[in-house]
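Laboratory data are not the source of any read-out in this text; all were calculated from the coordinates shown. As the structure is a prediction and not an experimental result, all values here were calculated from the model. Note that each Cβ is placed from the backbone with ideal geometry, even for glycine, and that neighbours are counted across all protein chains shown.
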Amino acid sequence: MHIENIPGPSTDADSPNHVRHAQLKRWVAEVASLTRPDRIHWCDGSKAEYDALCDALVAGGTFLRLNAAKRPASFLARSDPGDVARVEDRTYICSARREDAGPTNNWMAPDQMKATLTGLFDGCMRGRTMYVVPFSMGPIGSPLSRIGVQITDSAYVVVSMRIMTRMGRAALDALGTDGEFVPCLHSVGMPLETGKKDVSWPCNPDHKYIVHFPEERAIWSFGSGYGGNALLGKKCLALRIASTMGRDQDWLAEHMLILGVESPEGEKSYVAAAFPSACGKTNFAMLIPPPAFAGWKVTTVGDDIAWIRPGPDGQLRAINPEYGFFGVAPGTSYQSNPNAMDTLRANCIFTNVALTPDGDVWWEGMTETPPPKLIDWQGQEWTPDCGRKAAHPNARFTVPASQCPSLDPEWENPAGVPISAFLFGGRRSTTMPLIVESFSWTDGVYLAATMGSETTAAAVGKVGEVRRDPFAMLPFCGYHIADYFDHWLTMGRKLANPPRVFCVNWFRKTSDGRFLWPGYGENMRVLKWVIERCRGKTPAVESPIGWMPSASTIEWDGLPEAVQEAFSDAMMLHRDEWVRELLLHEELFIRLYDRLPKEFVLRRELLLASLWRGPERWALPN
Ligand code: GTP
Ligand code: SPV
Ligand code: MN
């Protein structure tokens with residue numbers, strides 16, 4: 001076996017000289033003897049290493065180098081058409097006891113799963129290079145940060161990890177001789193038999209497993225090279241494993257963006273918002289206020305994950321554990337998200353977008369009129385009338401956060417930023433109002449726990465079905481979801497000044513299918529009300545489900561009259577819709593019966609009572 005990247009003479013058969021962590025060396029040696037790669041490469045995270053790997057990916061056909069004048073240092077990758085999104089039905093939480101994974105997670109006994117996986121990993125890296133990728137989630141050295149080491153046989157994963165995490169020598173050095181790390185084992189699951197030519201997107205069509213061992217804090221992923229299945233620092237470590245760490249260590253790992261809002265008076269507040277996958281976190285995190293909001297500024301701390309813990313002052317503080325954005329490409333445009341478009345100017349990896357004749361990228365929604373000719377995400381010729389999508393609906397960009405023009409100056413503050421408000425928002429065509437503030441922390445936890453959302457292309461499966469997605473964490477909670485609700489209730493009790501909790505819905509539609517709310521930058525109108533509520537500066541109306549803004553407390557300047565007229569419909573509570581909604585809450589509660597917080601049962605009764613006492617259609621007073 002050949003070992004690369006060893007400065008000076010090696011004293012150890014399996015790792016370079018500077019690796020002084022005995023447990024890490026042992027684990028790497030064990031994995032190598034199981035998976036039998038041709039080479040082992042310890043990643044240092046340097047630019048030279050990144051460039052060399054990108055060149056090799058180009059040479060091997062995984063990457064296509066984009067036009068250097070239009071999209072400098074950027075690449076296009078086309079995945080296998082069977083490997084385009086997270087595979088939720090292949091994702092497992094293998095806690096020792098089934099009841100600790102809870103009814104919303106797939107489970108298998110750890111021993112049984114290890115036996116299955118050991119069989120699959122046996123010899124799975126033959127003919128390939130095994131990369132050892134040390135990384136930090138969160139700024140290196142922050143008390144909130146955690147270190148992982150991913151072993152992978154995918155160079156695409158290595159270069160993506162360098163964008164998405166603080167990867168390389170510094171993370172390894174921070175581990176020292178005996179620091180704690182989460183071992184993250186990954187293989188695309190396609191050994192290269194001698195003399196066989198590699199394919200551009202190796203993966204395993206028959207066996208995919210995304211597996212978490214929460215007690216051991218270990219991750220094993222087999223068979224996929226895409227996104228959250230393969231970049232193990234993200235959903236696997238920073239959400240599923242981190243959520244179990246947070247339960248044990250009194251903090252929270254959440255599927256949330258973090259943004260800053262500065263008022264014209266210079267008052268700064270931070271907000272964290274949980275929306276399910278492909279429901280607008282990146283857009284909201286990079287919001288540009290419309291002209292009516294002169295002097296207001298929105299800044300970006302993170303677009304997908306927040307790690308949150310009480311600071312010494314009893315206020316919650318949050319960090320973004322990631323280093324880059326892995327964002328949904330379709331729908332991103334200079335109209336919808338100029339900050340994202342500017343972020344993407346260079347140094348990007350695009351996956352499953354379309355290619356223009358001049359070597360740039362395109363996706364649905366990027367421009368109003370599509371180019372007359374493209375190469376689609378599967379490498380086929382494409383014209384606007386061909387009846388196919390040019391980009392896959394879950395096509396994504398991978399880009400360093402540092403390139404984002406709206407990046408908050410505090411985004412790498414190791415102590416995190418103070419959180420004033422939590423927002424929860426699903427994708428709901430009906431029922432849920434544009435904005436409502438919960439009556440209390442407990443009530444806010446109830447609203448977040450019972451959140452529903454229409455499914456999106458971010459996961460393999462049916463798109464557009466309403467399902468309960470508590471806290472936007474349904475696919476990401478590493479333990480029993482009812483214990484997670486309880487953890488949230490408990491955390492609130494420990495806080496001197498808990499953030500206010502709001503629910504939003506940008507996606508409500510008219511009966512003929514048009515959005516009731518313009519969304520995107522106009523969401524600033526809702527965000528301003530949220531901030532002013534937190535500062536005690538604006539009144540609210542009591543509705544059956546929570547506090548709401550009257551139309552007069554919303555800034556309307558610059559919007560067409562019709563939007564203000566639609567506001568009443570966007571805020572309306574229909575009793576029949578809510579009765580159906582409460583039945584769905586009940587359905588969730590029965591699934592979680594033995595561990596459900598008692599408060600929830602009472603809260604549901606109270607909601608039902610308020611809705612019955614109110615009119616059939618509850619509207620905001622004029
Ligand atoms: P993950 O990265 O999958 O966790 O998702 P995300 O929440 O960051 O998703 P993203 O911001 O990329 O969501 C993109 C989708 O949301 C696209 O379909 C957008 O058109 C839609 N979207 C975002 N903001 C708005 C909005 O304010 N209104 C409406 N109607 N759609 C929006
Ligand atoms: C999501 O699906 O919520 C994502 C993308 O953020 S992935 O990393 O692929 O899970
Ligand atoms: Mn996400």
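Give me the orientation-averaged projected area of the Cα convex hull of the stretch 469-622, in nm², one decimal.
Spelled out: convex hull of the Cα atoms, projected over all directions, averaged, 11.1 nm².
If I stretch the segment between L584 and Y334 completely, what's the gain in nm (0.36 nm per residue apart, minus their alpha carbon distance), one decimal?
My answer for the length gained is 86.2 nm.
Among S420, N17, S453, pick out the residue whose Cα is farthest towards the positive end of the charge dipole of the chain, where Lys and Arg carry +1 and Asp and Glu carry -1 on C-beta, about the Cα centre.
Result: N17, furthest along the dipole toward the positive end.
If the chain between D594 and R65 were fully stretched, how many nm would it gain, using 0.36 nm times the residue separation less the Cα-Cα distance?
185.0 nm
Counting Lys and Arg as +1 and Asp and Glu as -1, what is the net charge of the other residues whose Cβ lies under 15 Å from the Cβ of K196?
Residues close to K196 contribute a combined charge of -1.
When you count, for each residue, the other Cβ atoms within 10 Å and take the mean per peptide, how do 155-167, 532-544, 209-221, 302-314 rank with the highest first?
155-167, 209-221, 302-314, 532-544
Suppose we take every Cα in the stretch 122-198 and form the convex hull; what volume per residue is that in Å³?
It is 98 Å³ per residue.
For labels at A415 and D111 in the simple 7 Å Cα→Cβ model, what's the distance in nm?
4.9 nm
Select from V504, L592, L527 the residue farthest towards the positive end of the dipole of the stretch 490-622; place +1 on Cβ of Lys and Arg, -1 on Cβ of Asp and Glu, and compute about the Cα centre.
Comparing the listed Cα positions along the dipole, L592 ranks first.
For the residue pair R514 and V58, what label-to-label distance in nm results when each label sits 7 Å from Cα along the Cα-to-beta-carbon direction?
Each label point is offset 7 Å from its Cα along the Cβ direction, giving 4.8 nm.
Give the span of the stretch 436-524's Cα atoms along each principal axis, as three whole-Å numbers ordered largest to smallest.
Ordered largest first, the stretch 436-524 gives principal extents of 45, 32, 21 Å.
Of N67, P134, A29, which is farthest towards the positive pole of the stretch 28-144's charge dipole, taken about the Cα centre with +1 and -1 on the beta-carbons of Lys, Arg and Asp, Glu respectively?
Projecting each Cα onto the dipole axis, the largest value belongs to N67.
Which entries of K47/K234; K462/K528; K47/K373; K234/K297 have Cα-Cα distances beyond 24 Å here?
Beyond 24 Å between Cα atoms: K462/K528; K47/K373; K234/K297.
When a footprinting reagent is the concern and you count Cβ atoms within 10 Å, what order do M491, M572 take, fewest first?
In order of increasing Cβ crowding within 10 Å: M572, M491.
For n ≥ 4 DSSP H runs only, could you compute -39500 (n - 2.57) per run for the chain, divide by its residues and tell me the 222 nm figure to the nearest 500?
-7500 deg cm²/dmol, from helical runs alone.
When the dipole is taken about the Cα centre of the chain, and only Lys, Arg (+1) and Asp, Glu (-1) are charged at their Cβ, what size is it in debye, to the nearest 20?
320 debye
Once phi is turned into θ = phi - 60°, what whole-Hz ³J(HN,Hα) does the Karplus curve with 6.51, -1.76 and 1.60 give for every residue of the stretch 447-453, x standing for Gly and Pro?
4, 5, 5, 9, 4, x, 7
Would you calculate the separation in nanometres between label points at R613 and T369, each defined as 7 Å from the Cα along the Cα-to-beta-carbon direction?
5.9 nm
Could you work out the relative contact order of the stretch 309-439, using alpha carbon pairs under 8 angstrom and six or more residues apart, expressed as a whole percent?
Value for the stretch 309-439: 33 percent.
Considering the alpha-carbon set of the stretch 367-483 alone, what are its Rg and its Dmax in angstrom?
According to the Cα coordinates of the stretch 367-483, Rg and Dmax are 19.7, 55 Å.
About the Cα centre of the stretch 520-614, how large is the charge dipole given +1 on each Lys and Arg Cβ and -1 on each Asp and Glu Cβ? Please answer in debye to the nearest 20.
Roughly 500 debye for the stretch 520-614.
Report the percentage of all Cα-Cα pairs in the chain whose separation exceeds 36 Å, rounded to a whole percent.
So the portion of pairs separated by more than 36 Å is 36 percent.
Suppose we keep just the DSSP beta bridges with both residues in the chain; what percent of those would be antiparallel, to 5?
65 percent
Net charge near Q380: determine it from the other residues with C-beta under 13 Å of the C-beta of Q380, scoring Lys and Arg +1 and Asp and Glu -1.
+2
Need one number: % antiparallel among DSSP beta bridges in the stretch 417-570, to the nearest 5.
Here the share of antiparallel DSSP bridges comes out near 65 percent.
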